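Report on the structure given below.
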Amino acid sequence: MTMKRREFSKILGTAAIAPAWLTWQIGAAPVWSLAANLAECCSCEIPCPCNFGRSTSLRCDGNRLIEIYEGQVDGSDLSGIRFVVTFEMGKWSRIYVDESLGDEQMNAFNTIMPLAFSGFARLSRSIERVPVAVVRTSGLIKFSTPASEVEMKPLVGLNGGPITVNGLPSNTFHDYVQYESVKHVHKGPDRAWSHSGTNGFVSRMLARS
């Protein structure tokens with residue numbers, strides 16, 4: 001049985017709360033909004049059908065970097081929160097939070113995670129504070145945790161420009177630019193993989209309660 005990314009994105013975007021995280025009474029969920037930069041590589045061929053709301057018979061293994069640059073949850077600032085989600089689409093996730101976050105940022109992270117990223121939260125098998133490294137150059141994006149290493153480059157389009165896609169069916173895919181993996185490796189308790197030449201993208205996530 002496969003799960004479409006459109007279906008999974010609806011899970012990610014819903015404000016349903018996982019009991020393992022936090023519990024609020026109906027109608028008492030915090031007010032929130034955020035804007036974040038995303039970078040992801042997965043095991044799918046280019047383009048990943050999941051991002052277009054289409055199903056795939058293949059397993060989609062991925063690493064997603066999420067960097068919130070603006071937002072609030074019940075008055076608490078979300079800017080500067082950075083984490084990586086390692087996942088098998090629709091099956092499980094492991095969340096690696098940048099260990100440099102302060103106590104107030106961690107409190108805000110714990111509050112926003114089940115609200116804005118509830119699918120990843122519900123499927124999470126672990127949440128760890130670890131070193132998260134991010135390097136951007138004109139031609140490459142690199143990010144890593146102790147369990148994963150990703151290096152990705154933009155796919156070249158017409159006249160050497162970027163390949164952009166508009167209108168994708170999720171609030172995580174604003175300003176979508178197509179990338180490809182140069183190096184996408186992971187070694188963890190659930191799975192290990194090593195890919196190159198597979199799908200990648202960067203985008204902005206814009207979401208609110």
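The values are calculated or read from the model by the stated rules, or taken from the named source; none is laboratory data. All of these numbers come straight from a predicted model, not from anything done at the bench. All Cβ positions, even for glycine, are placed from backbone atoms using ideal geometry, and neighbour counts span all protein chains on display.
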Identity of the residue in segment 36-76, crowded, with 17+ Cβ neighbours inside 10 Å and of a type in the set (Gly, Ala, Ser), that ends up nearest to LEU140 (Cα to Cα): ALA39
Scan of segment 85-110 for residues that are out of contact with any helix residue (DSSP H, G or I) (no Cβ under 8 Å at 6 or more places or on another chain) and either assigned to a strand (DSSP E or B) or buried (at least 19 other Cβ atoms within 10 Å of the Cβ) (or both), ordered by number: THR86, GLU88, ARG94, TYR96, ASP98, GLN105, ALA108, PHE109
Is there a residue being more than 16 Å from the chain's Cα centre (by Cα), farther than 17 Å from ILE46 by Cβ and surrounded by fewer than 16 Cβ atoms within 10 Å (Cβ to Cβ) anywhere in segment 145-153? yes
Report yes if SER43 is modelled with pLDDT of 95 or more and touching a His at 6+ places or on another chain (Cβ under 6 Å), otherwise no. yes
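Yes/no matrix, rows are residues, columns are (1) in contact with a Leu (Cβ under 7 Å, 6 or more places away or on another chain); (2) touching a residue at least 12 places away in the same chain (Cβ under 8 Å); (3) within 26 Å of GLY167 (Cα to Cα):
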| residue | (1), (2), (3) |
| --- | --- |
| GLY62 | no, yes, yes |
| ASP77 | no, yes, no |
| THR86 | no, yes, yes |
| SER93 | yes, yes, no |
Identify the residue in segment 115-143 that is among the hydroxyl-bearing types (Ser, Thr, Tyr) and in a strand (DSSP E or B) and, among all such residues, is farthest from GLY188 (Cα to Cα). SER124
Return only the number of the condition from (1) in contact with a His (Cβ under 9 Å, 6 or more places away or on another chain); (2) small (Gly, Ala, Ser); (3) modelled with pLDDT under 95 that SER55 does not satisfy. (1)
Quick test for you: out of VAL135, VAL177, pick the one residue that is without any contact (Cβ under 8 Å) to a residue 60 or more places away in the chain and over 22 Å from GLY53 (Cα atoms). VAL135
Looking only at residues that are among the β-branched types (Val, Ile, Thr) and in a loop (DSSP other than H, G, I, E, B) in segment 46-84, which one is farthest from GLY200 (Cα to Cα)? ILE81
Can you tell me which residues in segment 144-176 are farther than 21 Å from GLU67 by Cβ, in a loop (DSSP other than H, G, I, E, B) and out of contact with any helix residue (DSSP H, G or I) (no Cβ under 9 Å at 6 or more places or on another chain)? LEU155, GLY157, GLY161, ILE163, ASN166, GLY167
For SER170, state whether it is modelled with pLDDT under 95, surrounded by 15 or more Cβ atoms within 10 Å (Cβ to Cβ) and out of contact with any Cys (no Cβ under 8 Å at 6 or more places or on another chain). yes
